Amino acid sequence: TQSTWGGNSHVTGIGFVCVLIVLIGTATGAPVSDKFKNLLTWTVDHTQSEAKHFLSAIQSIANTTTANGALGNLKSAISNLMNPTTTATAPQNNSTAKSADGTTATKGKRCVFVHGLSFLPDVASGPSTPSFSWYWGEVEKHTAQCSEHIFTHQNTMIKSWHDPELYRETCEIVSGHSEDKVIRNTIVFTHSMGSLMLAAGIESHSCSIDHWSSTWYALGTPPPTLNNRPLTMAYLLRAAADVSEPQMEKMNVYLKGAIGVDGVGLIDQKSGSLFRSLSCLAELSTCHNMPSPETRQRVAQILHDEVSGAVCGRSGYGLGATAIMSVSEWMWTDKPSDGVVDTDACVALFGKERFDGSYESPFFVSNVNHFDLACKHGDGDAKDAKVCSWFSIRK
């Protein structure tokens, strides 16, 4: 069932039934399944005023009665539902620590960082590690709220975001290999194609998020379907599919300047064509088994509905450490972008009205490039360029 910010009577009705089930179960001490709790959280988040007015009405009744026994539990349960930040599962480790920026945070949740295109298949393929500086810089020093840092290493060049093997592997790692594949007590950060990988996993029911205890943040996310919202990288890739060798060499120089090292380039030497993930992102005919338009729309809806925050870049040059050439020089367009993903396409995926230009906002448009978004080059001086500081206050 799809939600709308204006409310959906069917969704609201289902959600209210779940509200009653959860409240009655809480008040009487009866167990309530996680599936009901997850559906309830989703309903409160996405039907907004209707659900909250309903809860307020029940709370007013509870306030007029004794606070003892079952009604006291009911009153407490309603209070928690009205303030979802208090409903997260209590962490096992409540020690405090300071981030690199000096802020103090309570440690407790595991943090998982899912990368996008690696351009280094051999380096970015293997067991997860507690750091991954080539891709994420020193983001672990800016996330003192994490009790554990888990950085994925997946081959995102020869596998595309919609390939079952890749998104199932992502779900396994992010869920901590839990038997029911539910992501609990976790803060998830996904960058670029990594966001599509997790969304595809959720869409296929390979995993799910317990929103009572976990949050998901997406950075520099391309839309799962271009549909007249072209990616800057897509222009480049479409051009790369049919260019002369000298032009391809020039594109590889561009790529080296973007990522700061000699990578594998755009062409898979085994096949002599673009790497699979690249041809699929550009929606070329050489990409086989592309997802249907309906699947793409569901993936887009999951990104819109399930993330707790997102960051979109708007500067191809960014912080300058690994400058991406200006969009107009390579792509014949003056549209704002992070050098890889169009800013408007990224913002539209999550809802323009939710974004702000400050790192203090969960939804943040930052004056940095695609690689800066992963905290690879630290914070910029301006408030709208402090991506690492944005990481430090996400819970």
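Points to keep in mind about this one:
- The length gained on full extension between Ser285 and Ser131, counted as 0.36 nm times the residue separation minus their Cα-Cα distance, comes to 51.8 nm.
- Nearest-10 value in Å² for the accessible area of Arg314, using the 1.4 Å probe: 100 Å²
- Rounded to the nearest whole Hz, the Karplus-based 3J(HN,Hα) values (6.51 cos²θ - 1.76 cosθ + 1.60, θ = phi - 60°) of the stretch 212-223 follow the sequence 6, 10, 10, 9, 10, 10, 10, 10, x, 8, x, x, with x at glycine and proline.
- Whole-Hz couplings from phi, Karplus 6.51/-1.76/1.60, listed for the stretch 182-198; x for Gly and Pro: 8, 7, 10, 6, 9, 10, 10, 10, 10, 10, 6, 4, x, 5, 5, 4, 5
- Taking amide H atoms as placed 1.01 Å from N in the peptide plane, the amide H of Leu219 lies under 5 Å from those of Thr190, His191, Ser192, Val311, each 5 or more residues away in sequence or on another chain.
- In order through the stretch 383-390: 3J(HN,Hα) via Karplus (6.51 cos²θ - 1.76 cosθ + 1.60), integer Hz, x for Gly, Pro: 4, 8, 10, 8, 5, 5, 5, 4
The values are calculated or read from the model by the stated rules, or taken from the named source; none is laboratory data. What you are looking at is a predicted structure, and each value in this text was computed from that prediction instead of being measured. Heads up: the accessible areas ignore ligands, DNA and RNA and are worked out on the full protein's heavy atoms, side chains in. Shrake-Rupley method; radii C 1.70, N 1.55, O 1.52, S 1.80 Å.
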